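Shown next, in structure tokens, is the structure this report addresses.
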There are 4 protein chains.
Amino acid sequence: VADLYPALAACDLSFEPHDAGIAAGADVVFLAVPHTAAMAVAPALLDAGAVVIDHSADFRLKDPAVYEKWYDVAHAAPGLIEEAVYGLPEVSRAGLADARLVACAGCYPTATSLAVVPALESGRVVGDRVVVDAKCGVAGAGRTPTPFSHYRNANEAVTPYNVAAHRHVPEIEQVMRGAAGRDVQLVFGPHLVPMTRGLLSTAYLPVEGLDLESAHEIYAARYEGEPFVSVLEPGRMPSTGDVEGSNRAHLGLAYDEHGATLIAVCAIDNLVKGSSGQAIQCANAVLGLPETTGLEAPAPVV
Amino acid sequence: VADLYPALAACDLSFEPHDAGIAAGADVVFLAVPHTAAMAVAPALLDAGAVVIDHSADFRLKDPAVYEKWYDVAHAAPGLIEEAVYGLPEVSRAGLADARLVACAGCYPTATSLAVVPALESGRVVGDRVVVDAKCGVAGAGRTPTPFSHYRNANEAVTPYNVAAHRHVPEIEQVMRGAAGRDVQLVFGPHLVPMTRGLLSTAYLPVEGLDLESAHEIYAARYEGEPFVSVLEPGRMPSTGDVEGSNRAHLGLAYDEHGATLIAVCAIDNLVKGSSGQAIQCANAVLGLPETTGLEAPAPVV
Amino acid sequence: VADLYPALAACDLSFEPHDAGIAAGADVVFLAVPHTAAMAVAPALLDAGAVVIDHSADFRLKDPAVYEKWYDVAHAAPGLIEEAVYGLPEVSRAGLADARLVACAGCYPTATSLAVVPALESGRVVGDRVVVDAKCGVAGAGRTPTPFSHYRNANEAVTPYNVAAHRHVPEIEQVMRGAAGRDVQLVFGPHLVPMTRGLLSTAYLPVEGLDLESAHEIYAARYEGEPFVSVLEPGRMPSTGDVEGSNRAHLGLAYDEHGATLIAVCAIDNLVKGSSGQAIQCANAVLGLPETTGLEAPAPVV
Amino acid sequence: VADLYPALAACDLSFEPHDAGIAAGADVVFLAVPHTAAMAVAPALLDAGAVVIDHSADFRLKDPAVYEKWYDVAHAAPGLIEEAVYGLPEVSRAGLADARLVACAGCYPTATSLAVVPALESGRVVGDRVVVDAKCGVAGAGRTPTPFSHYRNANEAVTPYNVAAHRHVPEIEQVMRGAAGRDVQLVFGPHLVPMTRGLLSTAYLPVEGLDLESAHEIYAARYEGEPFVSVLEPGRMPSTGDVEGSNRAHLGLAYDEHGATLIAVCAIDNLVKGSSGQAIQCANAVLGLPETTGLEAPAPVV
């Protein structure tokens, strides 16, 4: 491990090839394999009695046809889709308590859902279209060098990508449907920004009967007691820099009166709350541990 | 000059205090003074016969009451407002030919107007609300050190600011009204991103009777022959890195079919096309010179 | 605290004005006040029975005349200088066990001392001049916005500063003298690099009777058992990115045979091992706690 | 061209495969092919009557044995080595006037040579060892995505590489020998820093009979009239940010009295003065054009 990750120079763990026997003896298995690979190995792990916490998209979408449309492959374990519990504790905590298979939320869906769910649940969002503009650091694209993550391409540049065509759209719409009780179209614009970590979702929600103060009350009440969500005071906006390295989400609100639009902004570290940290939080929820176990380090302060 | 700007080490020009006598003999005066200072000095310069190219906001808004609302001061030269020509040649070229006083477009209004004007002029935009999410480099905030532009605050962080409350909103809405022939509300979310130069406006336009191909035709036709605007092929998106250091604007389009929304994205260098380069382009237009005079350097290629 | 440091949004601590009464009841006081302010308040705290862990330079230099030369002020508590123990546990651990007053090492001295001490102690360094070229992130300059830390000045630029005139030179030479048993001149070139955290010292040590393998043995033996120092395998070099956010120091070695020069490179996070982390490590050493108490978080992995 | 380099969206040039016939009709051919490829194609181009300006290392080293040692291949055109003129006009201008084959200086050798040549020519450098610590932006590593240039690896990190083993060492020592009239060993420490463009060489020169003022006089006299070299006033240091995008070199000096060491620092844009800009400057020198032809754009000012 230390060889591949020099930051862990003091770590004496080793990577080992996947071994069904070892996995069979585990209480919990974290699956961090690509989309399509997860649905191939999950069934045997579940049969062996493990709880499976899956990072991939394979068990997130409830409709196998939608999965096939966006991932270009038929689902290999459709029988497990219904059982899988979505891994975003702030939204799906109830189901996690006795889950065997958790489909952890993706990074964009995490930040976006946290930003829009309280407003949608409140019934004050009008119309059937929500615009979400998102900005993500480069490390979200993984460790493989590509032109996309090449320093000279990414540095000093903001670039939209997969606009109106990102695979996370159906996942977010599924959450929105659950919160609103009706279909809401997501118009989604992701952008690559020149930083390593961090993801910020800016949601533009057309509303009626809401102003900044009442919106703040709704959000504060919705997330009261959540160990990893801070709703900032009206007038303050979150920054990805403030959550870097932590499992926290910061939420800020603004209200555009003349456009009758609530703007809800959520910042997370996509490598923690948007990925591995969330997986640990989900495992804690499944195992009945305090959700903060192993996740208490705050963001480093500069 | 070289002392303050070491990059100009080979330059032997000197700064001199403003002198009404010198200015009186000039054919063109570029005013780069703060808001409220420009309207104090412009009248005398015009009386002395100079063409005034003003970088400030003082002569951009046609309604003095709107100016007073956003800039907290009564307008000092309301008689000049009507005469002032808006300095965004791609939108206001006709008026520039015989202008005496040019109110150069701000950085956000430049990128945003170029992104939305063709769609609004086409009559295909529906509803009365357009969401624009914008991302800007730190140098747009000027040379004075502030917490906002402090390295440790700005680096590795995306942060919204002045959401739904930015002074450029009425200026952009004025351009939108001109293009659409009716009032359109702008819901505007500006963000600070960790790079020095560059500005990207992502406009979400609800449309009817338009798809990606037809939208591209409209934009390509609208900007045909424009020396500084490139409409990228469908499927390509602009990056601020590609216009850095140049007076160029790059425009990209996407269409979200299920949300019936055209997404028009414009990238500029806010310090050139969004500021001094545009002022030179405007001066060229006023003086009858080719608009590209002094502005032909492309962006450096990396 | 959360108001000033949004990253600590979940923190409910408050800043309070310095109060001599409160401080008098403390077992340990961490002094994080500017140079010259520390020597004004330390005596009363010591009198009240507290252990004082001082971040400033006030008690680092053993010769008050050298202090006065570099800090332009006469020392206000010269009687405490001799008692003060230098706060770099890897070098001065013995003295820390029963210290009352600890003068924590500065950031450049920490990285530089760790890089040069084993070679100097080995007696293989020849000549009386060592070149150290150092590179530091911008956050080392503090939270006050200045032209030095202004984003547009610091970003995309490497800039030397205080070359051959940095206040840390006498502090480092004091450590070098202790290790070598003789005077060694430090030629020191600090540089500002465009990153928030991190400091890298590259030391060029003229040597005799040493090659890469034997040098590696000397360094590995010298730091064996050190909880925060990793001597990398020959052929590997440290990166500031690998220690960011942690109290760790990574050390790499190269040997230039034709120039008979050992190149020893040390990377730290200047805000942790070069500052507050080191203060905690020193306090642990004074109090008889494991030195890693409160400091076990590794660098975040990307 | 515009397809590969979106920054050149307005450019209507096309790339074409290398064609010996086309090349044969050219007055000047700029060779931008990898090491070992240049020596394969240069002879035919010269035979066809073209002036060849070569970016590669193939004709830089005067000793084919040294070439073979560092590039692991026997030289394919040793007969041309003697004729080739080194392409660093400030050092080798005399030979360029009637050159047929120019071996353009590499990026590190350019900045380093400009920093050390005046001191070495002056005869005031003592000893036989010069330490040069260099810092380079990521774009110097080319357009191919690699772990080295992967954003998450390069960002927020300073990392040494090829310490005491960089291929540019023999090239720089060749220039140093020419300037000093004797062998001088270069101890060379290159570092990767998180920025796209820019290269800074910090040279530590042990001297006798020199102080800051006299050193400044020597450097200012040596570069008097050079169109692309600025020797900064004593007390000022160069920054890579100030030469970004231009063909200029900025030089700063400091003197460490107690270590009797002159510190000479040179900043260039490695993609211009360290590469293509220098090639144009060399071609101008060969063709009898003003050396600044096509290179007059200053660095953009922020």
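Here, each number is a calculation from the coordinates, and none is a lab measurement. Just so we're clear, the structure is a prediction, and the values are computed from it rather than from any experiment. A quick note on method: Cβ atoms are made from the backbone with ideal geometry, for glycine too, and the neighbour counts reach across all protein chains shown.
Between C:His75, C:Ala115, C:Ala9, the Cα set farthest toward the positive side of the dipole of region C:1-151 (charges on each charged residue's Cβ, about the Cα centre) is that of C:Ala115. Since only C:His150, C:Ser239, C:His166 are under comparison, the one whose Cα sits farthest along the positive direction of the charge dipole of region C:143-268, derived from C-beta charges on Lys, Arg, Asp and Glu, is C:His150.
Comparing C:Val229, C:Gly259, C:Ala215 along the charge dipole axis of region C:167-269, the residue lying farthest to the positive side is C:Val229, per the Cβ-charge model. Among the residues of A:259-265, the average count of other protein chain beta-carbon atoms within 10 Å of the residue beta-carbon is 5.
Think of each Lys and Arg Cβ as +1 and each Asp and Glu Cβ as -1; about the Cα centre, that makes the dipole of region B:121-277 roughly 740 debye. Each other copy places its own label point for C:Tyr5 at 2.4, 4.0, 4.7 nm from this one, sorted shortest first, where the point lies 7 Å along the Cα-to-beta carbon line. Of all residues in chain C, the one whose Cβ lies closest to the rotation axis carrying C onto D, together with that distance in whole Å, is C:Asp133, 2. Over what distance in Å are the Cα centres of region A:175-219 and region D:97-152 separated? Cα centroid of region A:175-219 versus Cα centroid of region D:97-152: 51 Å apart. Among beta bridges from DSSP that stay inside chain B, the antiparallel ones total about 55%. DSSP beta bridges fully contained in region D:208-302 are about 75 percent antiparallel. Look at the alpha carbon pairs under 8 Å that are at least 6 residues apart: their mean separation over the length of region A:118-184 gives a relative contact order of 49 percent.
Here r is the Cβ-Cβ distance between D:Phe148 and A:Arg143 and R0 is 22 Å; the resulting FRET efficiency, rounded to 0.05, is 0.95.
In nanometers and ordered shortest first, the copy-to-copy spacing of the A:Asp98 label point, defined 7 Å from Cα toward Cβ, is 6.4, 8.5, 9.7. Taking a threshold of 20 Å on the Cα-Cα distance, which of the pairs A:Lys135/A:Lys273; C:Lys135/D:Lys135; A:Lys135/B:Lys273 fall above it? The pairs that break the limit, which is 20 Å between Cα atoms, are A:Lys135/B:Lys273. A simple charge model with +1 on the Cβ of Lys and Arg, -1 on the Cβ of Asp and Glu and nothing else charged puts the dipole of the protein assembly as shown at about 0 debye relative to its Cα centre.
So which lysines pass the test for A:Lys62, namely a Cα distance under 22 Å, with those fewer than 8 places away in the same chain ruled out? Qualifying lysines at Cα under 22 Å: none. Distances, shortest first, from the label point of C:Thr292 to those at the same position in the other copies read 2.4, 6.2, 6.5 nm; the point lies 7 Å along Cα to C-beta.
What shape does region D:171-212 take by its C-alpha gyration tensor, where a ≥ b ≥ c are the square roots of the eigenvalues and a/c under 1.5 counts as rounded, a/b above b/c as prolate, and the rest as oblate?
oblate
For the protein assembly as shown, DSSP calls about 55 percent of its internal beta bridges antiparallel. Each residue of region A:271-276 is assigned a 3J(HN,Hα), and the resulting list reads 8, 10, 4, x, 7, 5 Hz, derived from the Karplus form 6.51 cos²θ - 1.76 cosθ + 1.60 (θ = phi - 60°), x at Gly and Pro.
Seen through its C-alpha gyration tensor, with square-root eigenvalues sorted a ≥ b ≥ c, region B:217-302 comes out prolate because a/c lies at 1.5 or above while a/b is bigger than b/c. Basic side chains Lys and Arg get +1 at the Cβ, acidic Asp and Glu get -1 at the Cβ, and with that the dipole of region C:54-111 about its Cα centre reaches some 120 debye. Label-to-label distance, C:Leu13 versus C:Ala37, with points set 7 angstrom from Cα along the beta-carbon direction: 1.7 nm.
For the peptides A:290-297, B:60-67, B:27-34, the ranking by packing is B:60-67, B:27-34, A:290-297, with the highest mean count of neighbouring Cβ atoms within 10 Å listed first. Counting only other chain Cβ atoms within 10 Å of each residue's Cβ, the peptide A:119-131 averages 2. Computed from the C-beta positions of C:Glu83 and D:Glu257, the FRET efficiency with R₀ = 25 Å rounds to 0.15. The calculated FRET efficiency for the pair C:Leu287 and D:Asp72, based on their C-beta separation and a Förster distance of 51 Å, comes to about 0.35. Taking the helices alone, chain C has a mean residue ellipticity at 222 nm of -8500 deg cm²/dmol, built from -39,500 (n - 2.57) per DSSP H run of at least 4 residues and averaged over all its residues.
What shape does region B:1-155 take by its C-alpha gyration tensor, where a ≥ b ≥ c are the square roots of the eigenvalues and a/c under 1.5 counts as rounded, a/b above b/c as prolate, and the rest as oblate?
Values: a/c = 1.75, a/b = 1.16, b/c = 1.51.
Here region B:1-155 falls in the oblate category.
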